[in-house]
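First up is the structure itself, then whatever we jot down about it.
The values are calculated or read from the model by the stated rules, or taken from the named source; none is laboratory data. The shown structure was predicted, so the numbers you read here are calculated from the model rather than taken from an experiment. Because the Cβ atoms are built from the backbone with ideal geometry, glycine has one as well, and the counts that use them run over all protein chains shown.
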Amino acid sequence: MRKSILLSLIASSLVMAETVELNEVSVEAEINSVKINDLSGEELKSADLADSLMRSVPSITVVRRSGIANDIILRGQKKDNINILMDGTKTYGACVNRMDPPTSHILTNNIESVKVTEGPFDVENMGTLSGLVEVKTKRPVEEFSGEVNLNAGSWNYKKIAATVSAGYDKFRLLLSASKESSDQYKDGDGNTFADQIDNYIANSTATGPALVALQGTAFQDQYREMKAYDKKSFMAKVYFNPTDNQELRISYTANRSDDVLYPSSKMDAMYDDSNIYNFEYVIHNLGSLSKQLDFQVYHSDVDHPMSTRYRVASAVPGERVNHLTTDMDGAKLKNMLELGSAELTIGLDASRRNWDGRYYGAGLPAMAPEKSLDDVDTDNMAIFTKYEQSFGAFDVEMGVRYDDTQISTGTGSAQDNDYSSLSAYAFTTYNADAGMEYFVGAGKSVRVPDARELYFVNAMNGQTGTPTLDQVKNYEIDLGFKKQYAGGFVKTKIFYSWLKDYIYYNSDKTVNAFENIDATIYGISLNGSHTLNDVTYVDYGIAYQRGQKDDALNGQSDKDLAEIPPLKLNVALNYDTDMTSSKVELIAADRWSKYDEDNGEQAISGYAVVNLKWNRDLTNGFDITLGMDNIFDHTYAVTNTYQDLTLLTSGGAGDEIILLNEPGRYVYINARYKF
């Protein structure tokens, strides 16, 4: 299957078409990145950024936890191994079980574009291991303009979103707000969240106390039909130009999510609130020593209590809550200057993240700790520089970053940690002719352990965190080519990553379960676009990764690395005219044949899902969009069951961890008015 799909794509992409005008597409493949444009206008059916990225980038896979607030895997890595920024700010989730990843605090209706850079080719931000996701939100414009969206879909999905912008020569303002909610989605077999849990319990072989504990994870009768989530957002931006070469940017983003259900976990989120404040000052052409000077200060905070309130276990022995908060403060000063034909950037970067959590509730054991995370501070100071220059047909980019990081905790019993590191990369492109580019890059990036990996204490007073962890190092080589021709383009990339002291979860341990290991991840991707005629074109992408530990963990034999998705294919046939656009999309993946069974992963069948979307411009600024996802109502799962997250498991002989199915057939309609 893998060879036939790959060969057919390569063959079709290399067929030269007649010289025609290529329609504007929503995904651009730059030489070392993928840029997704007009995300707010295209992704109308949901505010979930993770789902949008999975559709657009073949090397990204969604980590399904709920109807919204899902995580991503990029090149076989997730969590802090991926840097996710919104307008240069960084927001961390508060939940130790990844119920609120950074992607959940950035809603698609506020997003203008997303740029995904794969690999360690970034020195401006701390800890870019497998890649960088840069989100740019809508900018205020001078003209009075805006739009209103009304959306409805299956499972009682409802959404309203509005944006307005106005200003004059020196001052611009943008306001955006949205509200959406949905019932529990049904999988292809018609099962809601509550049904999937009930089916898992019914098929378990657990007995005695293990069965009682598993039965306690089911939803109580009065909550079986409750909504999956209710989410609201607000964004305000002010841009001010005191002079022609200066710009002040101030923004605030608020996200409020209530009663978010997580069926594969033992708890749900009572609410998930975040605030993001951003201040930027940009000055152009200060003189010979500064072509552009950027200064940025930002703050983000997240409040996240998760609870067993809606589950059977909250009655006996009683409700349990883990209330977590996190704050992030950052500042960056960056100066770019021209040295002849070269550009040199020098910058300073500083940040502090605080992470705190405590348990409470009548159902806690008598010996349970009060703190799950005890006021942990992660302080980082860094200096970086980047150099870019062209030498004839060669474009060269190099960067270096030095980090000094201190991590301290409020408890007196756990050790504090100091880390220092040097990251660097070099990336070279050879422009062979007007349409052919070859590229090669090599880099090293580093990230420090987070507070959960170092210090987390579970409710039964077991410290799963390991305070002695070393920082992770990624040494990587990327190479490939991009061919641009009259009818489109094709780009191929191969990478090989050596991970040293990679932080990994050992499910055989109850104390200090995180440990450092050495591993490798390698893979290949191919993507492109091909014009068929003036109104029809095909976008496609395919990605394959493979990951292995250098040695199996102590007491284990499986050397497969967890969370390495199988071969994944994205293909879309697009039809665009002045008034109408439509898309037929196929997303398919091979079965999981390589997985870490020793640490909770399991075999998952392959899938192929077809989605349809149609849009029509009406009169006076109105347009309408109709769509249907998973039109054949296929039952399938995308996310595996690596036990670094706390998921439902029975403990019965031969029982596997609960596998959460993806949504079944989903039909939606969106009406939009633009002015």
Original post:
Within segment 156-186, can you find the residues that are within 23 Å of the chain's Cα centre (by Cα) and either closer than 22 Å to A637 by Cα or not in a strand (DSSP E or B) (or both)?
Top reply: Y157, S182, Q184, Y185
Original post:
When segment 111-150 is examined, which residues are found to be closer than 30 Å to G621 by Cβ, crowded, with 20+ Cβ neighbours inside 10 Å and under 16 Å from the mean Cα position of the chain (by Cα)?
Top reply: I111, V114, V135, T137
Original post:
Just one of the numbered conditions (1) on the phi < 0 side of the Ramachandran plot; (2) free of Cβ contacts under 8 Å to residues at least 40 places away in the same chain; (3) not polar (S, T, N, Q) is not true of E343; which one?
Top reply: (2)
**OP:** Please give the strands (runs of 3 or more DSSP E) falling wholly within segment 545-648 in which 1 or more residues are over 30 Å from G146 (Cα atoms) and within 22 Å of the chain's Cα centre (by Cα).
**Re:** 568-576, 580-589, 607-617
Original post:
Just a yes or no: is a residue in segment 422-444 aromatic (F, W, Y) and surrounded by fewer than 19 Cβ atoms within 10 Å (Cβ to Cβ)?
Top reply: yes
Subject >> So D100, is it under 22 Å from N70 (Cα atoms), over 18 Å from the mean Cα position of the chain (by Cα) and either crowded, with 17+ Cβ neighbours inside 10 Å or of a type in the set (K, R) (or both) >> reply: no
Original post:
Going by the conditions given, is D655 assigned to a loop (DSSP other than H, G, I, E, B), out of contact with any strand residue (DSSP E or B) (no Cβ under 7 Å at 6 or more places or on another chain), surrounded by fewer than 21 Cβ atoms within 10 Å (Cβ to Cβ) and modelled with pLDDT under 95?
Top reply: yes
**OP:** Quick one: I73 ticks every box in (1) modelled with pLDDT of 95 or more; (2) crowded, with 24+ Cβ neighbours inside 10 Å; (3) of a type outside the set (D, E, K, R); (4) over 12 Å from the mean Cα position of the chain (by Cα) except a single one, so which number is it?
**Re:** (4)
**OP:** Return the residue satisfying two criteria in turn: it lies in segment 513-535 and is touching a residue at least 40 places away in the same chain (Cβ under 8 Å) and acidic (D, E), and of such residues it is farthest from K549 (Cα to Cα).
**Re:** D534
**OP:** Answer yes or no as to whether G363 is surrounded by 15 or more Cβ atoms within 10 Å (Cβ to Cβ) and either of a type in the set (A, V, I, L, M) or in a loop (DSSP other than H, G, I, E, B) (or both).
**Re:** yes
**OP:** Name every residue in segment 274-308 that is among the small types (G, A, S) and crowded, with 18+ Cβ neighbours inside 10 Å, in order of residue number.
**Re:** S274, S300, S307
Subject >> Members of segment 613-647 found to be among the polar types (S, T, N, Q) and touching a Leu at 6+ places or on another chain (Cβ under 9 Å), listed by number >> reply: N615, T625, T639, N640, T641
Original post:
Restricting attention to segment 106-127, which residues are under 20 Å from I276 (Cβ atoms) and either assigned to a strand (DSSP E or B) or in contact with a helix residue (DSSP H, G or I) (Cβ under 9 Å, 6 or more places away or on another chain) (or both)?
Top reply: I106, L107, T108, N109, N110, I111, E112, S113, V114, K115, G127
**OP:** Output the qualifying pairs, or none if there are none: Cβ atoms under 6 angstrom, residues six or more apart or on different chains, first residue in segment 189-203 and under 10 Å from F219 (Cβ atoms), second residue at pLDDT 95 or above and of a type in the set (S, T, N, Q).
**Re:** T192/Q184; F193/Q184
Original post:
Which members of segment 368-394 meet the condition of being more than 27 Å from the chain's Cα centre (by Cα), farther than 24 Å from A94 by Cβ and part of a strand (DSSP E or B)?
Top reply: Y387, E388, Q389, S390, F391, F394
